[in-house]
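Colleague: I'd like to ask some things about the structure below.
Please treat every number below as a calculation from the coordinates, not as lab data. These numbers were taken from a predicted model, which means no experiment stands behind them. Every residue, glycine as well, gets a Cβ built from its backbone with ideal geometry; the counts of neighbours run over all protein chains shown.
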Amino acid sequence: MSPPGPVHLRQVRTGNLQALLRAVLDGPASRADLATRTGLTKATVTSLVEPLLRQRILTEDPVVNTGRGRPSRPLRFAEEAPVAVGAEINVRHLGVTVQRLDGTTVAERHIDLDNRHRDADDLIDRLADLVRTTITESGVALLGIGLAVPGIVREGTVVHAPNVPGLTDVRIGDRLAAALGEPAVAVDNEANLAALAHLWPHRLAGDDFVYVSGDVGIGAGIVLGGSLFRGRGGFAGELGHVVIERGGRHCACGGQGCVEQYAGLRAILAAAGAPGLDALCRALRRGDTHSRAAVNCAGSALGTALASLINVCDVATVVLGGCYASLFDDLAPGVRAELGIGVLAAARRPVTLTVSPLGRAAVARGAAALITRRSCLEPELLLAPGPSATGDRRSTTV
Ligand SMILES: [Zn+2]
């Protein structure tokens with residue numbers, strides 16, 4: 001057998017670096033602990049760690065004397081390491097977050113804004129301003145920018161955005177990148193990215209779950225075996241258009257009886273007679289029976305659609321986010337009741353229904369996770385000197 005060639009050695013080193021970075025994501029650890037976590041030798045760990053320390057991706061804590069064996073110096077991600085920006089265009093707001101590689105938040109901004117009738121130019125101007133301000137505030141160099149949109153994205157183009165039609169057919173990532181003077185902005189659907197935020201950098205909901213994003217529309221990010229399931233053209237997870245009543249209410253998609261018309265935010269507010277989500281939450285806190293009945297009814301409708309989804313893809317956990325996170329206590333009983341009725345053999349394979357621990361920050365953090373995950377899975381990007389990696393860090397600050 002011939003000895004391994006340079007390409008093979010490079011692949012091995014990349015795989016080892018991935019394993020090392022993932023092990024550091026599990027928490028600060030000494031070289032010896034990282035060797036145990038990864039199954040690599042301590043010598044290999046040391047050779048991998050040195051360039052990461054030189055590039056200030058990792059840092060060493062002061063010596064910790066555990067009382068057993070040699071004192072250790074735990075390694076962690078450095079505070080001055082470059083950061084990822086996650087931006088979000090939502091029907092009702094814009095959001096930006098700056099995240100470190102380990103998912104800690106450096107800065108976060110959010111402005112309420114009705115975007116339903118805004119055109120792409122206006123949205124890009126406002127979002128670029130918000131991104132610039134937030135990055136300046138954080139004062140750290142950039143790994144890259146991710147962007148979440150309330151629509152279906154195919155090869156960088158928004159192909160379907162019924163609730164913010166101004167985004168349709170727009171290469172929104174390219175346009176935002178040009179406005180910011182950045183080489184690229186990665187774009188994906190908001191529910192997919194909110195699901196990703198529960199998967200990376202920390203597994204908050206296991207490897208098989210559905211993240212349900214409640215808003216005017218209802219989207220779902222489906223995670224199977226630790227990977228996002230997008231379907232053939234990115235249309236997987238369009239939970240809002242699952243039909244729960246044949247010949248039922250008319251939907252913006254052209255169909256009838258879609259669950260969005262019964263459990264989407266607009267439908268809930270109309271049924272409750274509330275002018276907005278905050279007013280509805282206040283009424284629920286007061287114990288207003290009419291509002292509680294409206295939300296419970298929406299929960300039943302959502303549960304009916306979710307039971308069908310679970311019967312098809314057999315996930316263990318449903319995570320409710322978006323406006324559903326705020327309404328969870330009043331929504332969950334209706335959802336649970338319908339899951340109990342509609343999921344086949346529900347008694348033998350219970351489904352966990354949970355509220356997103358990330359709240360409304362989930363979508364923007366998922367957009368940042370697009371970048372931090374790519375950096376850890378392609379560690380040569382972290383180590384390569386260059387304007388968007390670690391070369392001249394200050395010059396990359398927008
Ligand atoms: Zn529909």
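Colleague: Would you compute, for the Cα atoms of region 6-77, the largest minus smallest coordinate along each principal axis and list the three values in descending order, in whole Å?
Modeller: 43, 23, 19
Colleague: Separate question: Relative contact order of region 196-327: what whole-number percent is it, with Cα pairs under 8 angstrom and at least 6 residues apart?
Modeller: For region 196-327, the relative contact order is 29 percent.
Colleague: Just to check, using Stokes-Einstein with a Kirkwood Rh over alpha carbon pairs, what's the diffusion coefficient of the chain at 37 °C and 0.692 mPa s in µm²/s?
Modeller: Using the Kirkwood radius from Cα pairs, D works out to 146 µm²/s.
Colleague: Of the DSSP beta bridges with both residues in the chain, give the percent that are antiparallel, rounding to the nearest 5.
Modeller: Bridges in the chain are about 60 percent antiparallel.
Colleague: Using Cα pairs closer than 8 Å and at least 6 residues apart in sequence, work out the relative contact order for region 6-77, in percent.
Modeller: 30 percent
Colleague: Can you give the calculated 222 nm mean residue ellipticity of the chain, where each DSSP H run of n ≥ 4 adds -39,500 (n - 2.57) and the sum is split over every residue, rounded to the nearest 500 deg cm²/dmol?
Modeller: -12500 deg cm²/dmol, from helical runs alone.
Colleague: Which order do the peptides 341-354, 219-232 take when ranked by the mean count of other beta-carbon atoms within 10 Å per residue, highest first?
Modeller: 219-232, 341-354
Colleague: How big is the dipole moment of region 206-356 about its Cα centre under a simple scheme where the beta carbon of each Lys and Arg is +1, that of each Asp and Glu is -1, and everything else is neutral? Debye, nearest 20, please.
Modeller: For region 206-356, the charge dipole is close to 160 debye.
Colleague: Right, next: Can you give me the three principal axis dimensions of region 39-178 from its C-alpha atoms, in Å, biggest first?
Modeller: Principal extents (largest minus smallest coordinate, Cα): 65, 29, 24 Å.
Colleague: Calculate, in nm to one decimal, what residue 289 and residue 377 gain on full extension: separation in residues at 0.36 nm each, minus their alpha carbon distance.
Modeller: 26.7 nm
Colleague: Further question: Can you tell me what share of the DSSP beta bridges in region 206-356 is antiparallel? A percent to the nearest 5 is fine.
Modeller: Beta bridges within region 206-356, antiparallel portion: roughly 50 percent.
Colleague: Determine the relative contact order of the chain: mean sequence separation of Cα pairs under 8 Å and six or more apart, normalised by residue count, in whole percent.
Modeller: Relative contact order, the chain: 17 percent.
Colleague: Please label the shape of region 214-306 as rounded, prolate or oblate, based on the square roots a ≥ b ≥ c of the eigenvalues of the alpha-carbon gyration tensor (a/c under 1.5 means rounded; beyond that, a/b larger than b/c means prolate, else oblate).
Modeller: prolate
Colleague: Please give the peptides 297-308, 149-160 ranked by average Cβ packing (other Cβ atoms within 10 Å per residue), highest first, as a rough proxy for protection.
Modeller: Ranking the peptides 297-308, 149-160 by packing returns 297-308, 149-160.
Colleague: Take peptides 277-286, 108-117 and line them up by average Cβ neighbours within 10 Å, highest first, as a rough protection proxy.
Modeller: Ranked from most to least packed, the peptides come out as 277-286, 108-117.
Colleague: I'd like the distance separating the alpha-carbon centroids of region 270-289 and region 136-188, in whole Å.
Modeller: Centre-to-centre distance over Cα atoms comes out at 34 Å.
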